[in-house]
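See below for the structure under consideration.
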């Protein structure tokens, strides 16, 4: 039975698909990974990003059927399924995936308006489900913004990952190259960010399994 990790956001432009693609790539270092593109959009979707899945370290399918997505845990050929969900609140797809997920990651920029949107998205996750906010597009010249955002989330009772993803040009280059950032020359910092996220995700999944 596969672990299922959903990547969600209530709006676009907050690194959701970037996270789905690069988390899948980072996790594929140690396990067989399937990336499910459940976003109805074509341009900018995970499937568009990796050009159909050729040359990436994970398999990719595109499916927006909520009934099928609700059964992702039953997939036997993979150890991990990462799902890129639509950037919209109240989506039937997000609801189905969140019900099936072992962990839901909500991406958000570290500013007030984006944090509010992240809280709204987190409120869509079924009660009792494991979920975390991941701060993305963090300006390395203003790291205090990320720390403040994490504190704001904590005060609101919303858990966040310790890891965060910096705003780096390597992500633009990776997108243009239709590749995970780990495959882009000179993108060590960006790749390291997602390796740290992958390590924390692994830790959370293993802790949750041990508590069952």
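No lab work stands behind these numbers, since they all come straight from the coordinates. Everything numeric in this text was worked out from a predicted model, so none of it was measured. We place every Cβ from the backbone using ideal geometry, glycine too, and count neighbours over all the protein chains shown.
Can you give the percent of C-alpha pairs in the stretch 44-167 whose distance is more than 25 Å?
On the way: 2416 of 7626 pairs.
Roughly 32 percent, once rounded to a whole number.
The Cα trace of the stretch 46-86 gives Rg and Dmax of 11.0, 30 Å, the first to one decimal, the second as a whole number. Counting only DSSP H runs of at least 4 residues, each contributing -39500 (n - 2.57), and dividing by the residue count of the chain, the helix-based mean residue ellipticity at 222 nm comes to -12000 deg cm²/dmol.
Reported to the nearest whole Å, the Cα centre-to-centre distance from the stretch 1-74 to the stretch 105-120 is 20.
Quick one: which of 11-21, 201-211, 112-122, 61-71 comes out on top by average Cβ neighbours within 10 Å, and what's the full order, highest first?
Details: 11-21: 22.7, 201-211: 13.2, 112-122: 19.1, 61-71: 14.8.
Order by mean packing, descending: 11-21, 112-122, 61-71, 201-211.
Between residue 211 and residue 92, what length in nm is gained on full extension when 0.36 nm per residue of separation is reduced by their alpha carbon distance? Length gained, residue 211 through residue 92: 39.9 nm. If you wrap the tightest convex hull around every Cα atom of the chain and split its volume per residue, you get 109 Å³.
Based on the Kirkwood radius over alpha-carbon pairs, what is the Stokes-Einstein translational diffusion coefficient of the stretch 124-207 at 10 °C with 1.306 mPa s viscosity, in µm²/s? Display every interim value, and only then the final one.
On the way: Rh = 14.2 Å.
This corresponds to a translational diffusion coefficient of 112 µm²/s.
Packing-based ranking of 25-37, 168-180 yields 25-37, 168-180, ordered from highest to lowest mean Cβ neighbour count within 10 Å.
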